[in-house]
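Below: one structure, written as structure tokens.
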Amino acid sequence: MKKICAVISLLAFFSVHAFCDDVRPALSQEKVFNLSPVLDPILFGSGAAFAGTIFVLDNFCKLNHDEYNGNLEDKSSVPAFDQLFMNKYSKGLDVTCDIVRTAMLLAPVPLFAFTTQKSEWFTLATMYGETLLWTWGTTDLIKNCVLRTRPYMYYDGTPDEDLKNGDWKKSFPSGHTSITFASAAFTSYVFWQYYPESGWRWGVTGISFGLATTVAALRMAGGCHYFTDVLTGAVIGSAYGFLIPWIHTLLPSSRKTSANKVEKTRGLEMNLAPGALVFTIRK
């Protein structure tokens, strides 16, 4: 497993360096994404409060942490199309899925660090944080409201820890799938906006959604989710992954005047200075 992860990491590293020279030409004076001193604190703050509340309820208040009492409906009660993808629990596939998910969540960091200007990093980090927070919060809220039994409960070899902490009944929707599709949609949309003429945009999109789909497949193969779980997770994640950055294309920005000068309008900007971060709020 460690060798496989090392190979994947090396391939990703050299792939980024292979195209960074091709896609890093200076960006236009007109910013693609812009922050708002009003909207973004609301988006980020409410997203953090939303996800944080669910986290506290789940981990400290032990919301819906009932232990398995041994009573379970027959497999025939599961919809036919979900029965097709039901499997027993696999620890190996579960761990592999965790590794791929983590790699996907971190992937946008080196990608945009190599392909965007430093002045864009704070904007990207803020949008990405908002995307992940709202995806996570929405997914966990639905999990705790629906309380759907996981597929592995219909087979032998269920994970003991899940039986004790109540995770066995939080199948819908798939959190791994929603968060990876959010990352894939965010990465693809942002890259297309920055480099609409780059030949690499199709590759970035294909690899991003290909890995997200792999995570969804692993969750089903490992017995952790039904098809409808991962499908719903993919919809939730993709929606936030496109919506959050799209909103930031509508905010006021710097624009070129008829004299080819740059006129500053309202917005929040960050620039890197020697030993400091400089934030500028334009009203």
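In the set (1) open to solvent by 60 Å² or more (accessible area, probe 1.4 Å); (2) touching a Phe, Trp or Tyr at 6+ places or on another chain (Cβ under 6 Å); (3) within 23 Å of Ile207 (Cα to Cα), the condition left unmet by Val146 is number (3). If we scan region 100-116, do we find a residue that is open to solvent by less than 60 Å² (accessible area, probe 1.4 Å), over 18 Å from the mean Cα position of the chain (by Cα) and not basic (Lys, Arg)? Yes, the conditions are met somewhere in region 100-116.
Residues in region 213-220 include none that are open to solvent by 40 Å² or more (accessible area, probe 1.4 Å), of a type in the set (Val, Ile, Thr), part of a helix (DSSP H, G or I) and farther than 30 Å from Pro79 by Cα. Listed by first and then second residue, the pairs with beta-carbon distance under 6 Å, at least 6 apart or on different chains, first residue in region 73-84 and in contact (Cβ under 8 Å) with a residue 24 or more places away in the chain, second in a helix (DSSP H, G or I), are Lys75/Tyr154; Asp82/Phe227; Asp82/Thr228. Residues in region 65-78 that are in a loop (DSSP other than H, G, I, E, B) and loosely packed, with under 12 Cβ neighbours inside 10 Å were compared, and the one that is modelled with the highest pLDDT is Glu67.
Condition first: in contact with a Ser or Thr (Cβ under 8 Å, 6 or more places away or on another chain) and either basic (Lys, Arg) or free of Cβ contacts under 8 Å to residues at least 24 places away in the same chain (or both). Now tell me which residues in region 157-187 satisfy that. Result: Lys169, single match.
Scanning region 86-106 for residues that are part of a loop (DSSP other than H, G, I, E, B) and out of contact with any Ser or Thr (no Cβ under 7 Å at 6 or more places or on another chain) gives Met86, Asn87, Lys88, Ser90. Here Lys62 clears all of (1) over 25 Å from Met220 (Cα atoms); (2) open to solvent by 60 Å² or more (accessible area, probe 1.4 Å); (3) assigned to a helix (DSSP H, G or I) except the condition numbered (3).
When region 107-143 is filtered for residues that are part of a helix (DSSP H, G or I), modelled with pLDDT under 95 and of a type in the set (Gly, Ala, Ser), the ones remaining, listed by number, are Ala113, Ser119.
The values are calculated or read from the model by the stated rules, or taken from the named source; none is laboratory data. Source: prediction; values computed, not measured. Cβ coordinates were reconstructed from backbone atoms using ideal geometry, including for glycine residues, and neighbour counts include every protein chain displayed. SASA here: full protein model, heavy atoms, side chains in, ligands and nucleic acids out. Shrake-Rupley method; radii C 1.70, N 1.55, O 1.52, S 1.80 Å.
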